[in-house]
Amino acid sequence: MKSIVARAANWQRTVSLALPRHFGSACEAAGAAAGFRTSISGPTRPPLPPVPDKIKELGRVTQAPIEQAKVMHPAFYVDKDYVQVEQERIFGSSWFAAAHVHELMNPGDVKVIEAGNTSIILTRDKNHKLNAFYNTCRHRGARVLSADSKGCKQLVCPYHWWAYRLDGTLKSTPPAAVPKERKEELSLLPVAGLECFAGMIFLNQTPNPPPLLSTLGDLPEKLARYDLDQMDMHAQKTYEIGGDWKLIAENFVDFYHIDAVHPALSKFSRVDDHLPYQGNGQYVGFVTSPLSASGGPGDLHHFNAFPRLKPLESNSALFFHIFPNVSVTIYPHSVYTLMTCPSKTPGRTQERLTLLMAPGAKKQDISADEHREKCEALMDFVVNINDEDVIAIENLQLGLRNLNGQGMHGEFLPKYDWPVHRFQNMVLSSLQGNLLDNAIMPELGNQFEDRVISDVVSE
Ligand code: FES
Ligand SMILES: [Fe+2]
């Protein structure tokens, strides 16, 4: 059994080999826009216990080429012992998406993120820097904050009123006065890793985590002409879903269900129009191209596109699930994301759907009010599709509870289920502290990628 120390060493080795050449500039650009910070010293943590043999055994049949593999065992979605292991090893040890930078644009913006048993406070401090702290007071350990807020001057623990600045330092311990040097030791505990990518804030609780970009492979290159850190956030909707967070991710990458679950969408987004757009990073990617007009609010003529796209990109929709917990749909004029936080209870997840518009998406010949109505219509359209997905996910969770009783694995249909197989293998690799083994992933072909590479940038 690998110790956590060995696991970290392996991971670090993978990182130094896989680090993209453009890492520095891309990362600094994100940081400049969003108050980038990473890898500060966080609390020391006890080593994780070994992965239980039962989990390794149950995962083995999925960790195989898709033609031989079986779908991940239902226990992974319903068993509370498994959920505990997953929270320690995935959300406790990998980069995960916590929020959009837009949600914390101004000094005084504060957000509370619950990821399983862990509660984290995100802040934008007076120096415009983003911070992440464990939501636990340094006095007796009470939860400091229970809700998001704006215009916040300090974080005050409700138990005895210890107050912290937005950079986490302890400000006061009323009515007692604590010596300055003692106060300096009693800041809120920082989360070790915080990085921004594609307009989103990612966190990592591992001490000295590897750079986020080292896990993403070629994804930053695929997104190079989409100005994702300059978008305008239009709206957000929160769902409480009776389904495991992994089912939400799997549903996103499962375009096979479109005909059955989304009858209206299927008229212009056909199952067989989805092509792989997949590289080696910790993500699942595919695309629909060309886009067909539906007569609906997402049609291209309603908005301006991202300005630097290639012609092919201006007529394509991109779909990426960034492991573990954020799904990103990229239209030429807008983006919507599904970000999930697992709850403490197996089979329950909070999901946040966010719609963001490309910079300059408003058509010059319409008023601001007309533009807002168009954005609202687009949000309604996206919410309708997501509502259909939520019904499908909750029904799948119920079916898996049944199937767990039978001790049975589901089946993959390789032509359509390769994205689900890839995601499930990322879960299983991550539980064991490894990146995905691409050697057992299928050859998908580069049909779309080749066309993008040979395409020219539009003027
Ligand atoms: S526990 Fe927070 S002030 Fe006492
Ligand atoms: Fe769907």
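The values are calculated or read from the model by the stated rules, or taken from the named source; none is laboratory data. In this text, all values refer to a predicted model and were calculated from it rather than measured experimentally. No Cβ is skipped: glycine too gets one built from the backbone with ideal geometry, and neighbour counts run over all protein chains shown. Ligands, DNA and RNA are excluded from the accessible area calculation, which covers all protein heavy atoms including side chains. Shrake-Rupley method; radii C 1.70, N 1.55, O 1.52, S 1.80 Å.
Residues that are under 20 Å from GLU114 (Cα atoms) and not in a loop (DSSP other than H, G, I, E, B): does segment 167-180 have at least one?
no
Among the residues of segment 341-400, write down those that are among the small types (Gly, Ala, Ser) and assigned to a loop (DSSP other than H, G, I, E, B).
Our first condition is that a residue be among the small types (Gly, Ala, Ser); within segment 341-400, this holds for 343, 347, 358, 360-361, 367-368, 377, 392, 399.
Those that are among the small types (Gly, Ala, Ser) and assigned to a loop (DSSP other than H, G, I, E, B): SER343, GLY347, ALA358, GLY360, ALA361, SER367.
So ALA115 clears everything in (1) of a type in the set (Gly, Ala, Ser); (2) open to solvent by 10 Å² or more (accessible area, probe 1.4 Å); (3) away from ligand 1 (no atom under 16 Å from the Cβ) except one condition, right? Which one?
Tallying (1) of a type in the set (Gly, Ala, Ser); (2) open to solvent by 10 Å² or more (accessible area, probe 1.4 Å); (3) away from ligand 1 (no atom under 16 Å from the Cβ), ALA115 fails exactly one: (2).
What about MET200, is it among the hydrophobic types (A, V, I, L, M, F, W, C) and in the same structural domain as LEU398 (by TED's automatic domain parsing)?
Here the answer is no, as MET200 does not meet what is asked.
Of all the residues that make up segment 310-327, how many are aliphatic (A, V, I, L, M) and open to solvent by 10 Å² or more (accessible area, probe 1.4 Å)?
The qualifying residues number 1.
Name the single residue that is farthest from ligand 1 (Cβ to nearest atom) among those in segment 159-173 being within 31 Å of the chain's Cα centre (by Cα) and open to solvent by 40 Å² or more (accessible area, probe 1.4 Å).
ASP167
Residue by residue, here is whether (1) away from ligand 2 (no atom under 15 Å from the Cβ); (2) surrounded by fewer than 14 Cβ atoms within 10 Å (Cβ to Cβ) holds:
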{"position": "GLN364", "(1), (2)": "yes, yes"}
{"position": "GLU373", "(1), (2)": "yes, yes"}
{"position": "ASN386", "(1), (2)": "no, no"}
{"position": "VAL390", "(1), (2)": "no, no"}
{"position": "HIS421", "(1), (2)": "yes, no"}
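Could you grab me the full set of residues in segment 392-419 that are hydroxyl-bearing (Ser, Thr, Tyr) and more than 16 Å from ligand 2 (Cβ to nearest atom)?
none
Residues in segment 290-309: is at least one open to solvent by less than 10 Å² (accessible area, probe 1.4 Å) and either of a type in the set (Asp, Glu) or modelled with pLDDT under 95 (or both)? Talk me through it step by step, then tell me what you get.
Step one: of segment 290-309, the residues open to solvent by less than 10 Å² (accessible area, probe 1.4 Å) are 303, 306, 309.
Then keep just the ones that are either of a type in the set (Asp, Glu) or modelled with pLDDT under 95 (or both); that gives none.
The answer is no, given that none of the residues of segment 290-309 is open to solvent by less than 10 Å² (accessible area, probe 1.4 Å) and either of a type in the set (Asp, Glu) or modelled with pLDDT under 95 (or both).
For the condition within 25 Å of the chain's Cα centre (by Cα), farther than 30 Å from ARG60 by Cβ, away from ligand 1 (no atom under 16 Å from the Cβ) and touching a residue at least 60 places away in the same chain (Cβ under 8 Å), what is the one hit in VAL420, VAL383, VAL427?
Of the residues listed, the single one that is within 25 Å of the chain's Cα centre (by Cα), farther than 30 Å from ARG60 by Cβ, away from ligand 1 (no atom under 16 Å from the Cβ) and touching a residue at least 60 places away in the same chain (Cβ under 8 Å) is VAL383.
Filtering segment 256-277 down to residues that are in contact with a Phe, Trp or Tyr (Cβ under 7 Å, 6 or more places away or on another chain) and outside any strand (DSSP E or B), which residue is farthest from HIS421 (Cα to Cα)?
VAL271
I need the full set of residues from segment 430-459 which are within 15 Å of TYR283 (Cα to Cα) and in contact with a strand residue (DSSP E or B) (Cβ under 6 Å, 6 or more places away or on another chain), in order please.
LEU444
Consider segment 241-255. How many of its residues are under 21 Å from TYR82 (Cβ atoms) and either outside any helix (DSSP H, G or I) or within 16 Å of ligand 1 (Cβ to nearest atom) (or both)?
Matching residues across segment 241-255 total 4.
Name every residue in segment 392-407 that is open to solvent by 60 Å² or more (accessible area, probe 1.4 Å) and within 21 Å of ASP254 (Cα to Cα), in order of residue number.
The answer is GLU394, ASN395, LEU396, LEU398, ARG401.
Given the conditions (1) assigned to a loop (DSSP other than H, G, I, E, B); (2) touching a Ser or Thr at 6+ places or on another chain (Cβ under 8 Å); (3) not small (Gly, Ala, Ser), which single one is not true for MET233?
(1)
Given the structure, is VAL335 surrounded by fewer than 19 Cβ atoms within 10 Å (Cβ to Cβ), modelled with pLDDT of 95 or more and closer than 25 Å to ILE113 by Cα?
The answer is no for VAL335.
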